[in-house]
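The values are calculated or read from the model by the stated rules, or taken from the named source; none is laboratory data. Owing to the predicted nature of the structure, the values given are computational and were not obtained by experimental measurement. When we count neighbours, we look across all protein chains shown, and the Cβ atoms used for this are built from the backbone with ideal geometry, even at glycine. Surface accessibility is based on the protein's heavy atoms, side chains included, excluding ligands, DNA and RNA. Shrake-Rupley method; radii C 1.70, N 1.55, O 1.52, S 1.80 Å.
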Amino acid sequence: MNLARVSNNGQITVPVEIRRALKIRAGDKLLFFRKDNGEIVVQNPNISAIAEAQIAVTGSNYSEDEILTDVMNLRYEATQT
């Protein structure tokens, strides 16, 4: 279990173990969303975009350029929400 303290400005420092697990680097944005059961999930949208692209191209004949374009589009969409 990892704890983080919230500052007066609402800021937190993400514990190093969590940063490593989510591959978070300085300047990255984090995605927070609430599941139907009330659980709050934190994701690195860059990692989820890559995973979505991998699922999308499984068993297909996409070229490397098409895959890179799809990944960039998914990353852009993830940062817009």
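A few points about this structure:
- Test: residue in the stretch 30-43 that is at pLDDT 80 or above and small (Gly, Ala, Ser): yes
- Residue count for the stretch 1-43 satisfying the condition of being farther than 23 Å from Glu77 by Cα, open to solvent by less than 80 Å² (accessible area, probe 1.4 Å) and in contact with a Ser or Thr (Cβ under 8 Å, 6 or more places away or on another chain): 1.
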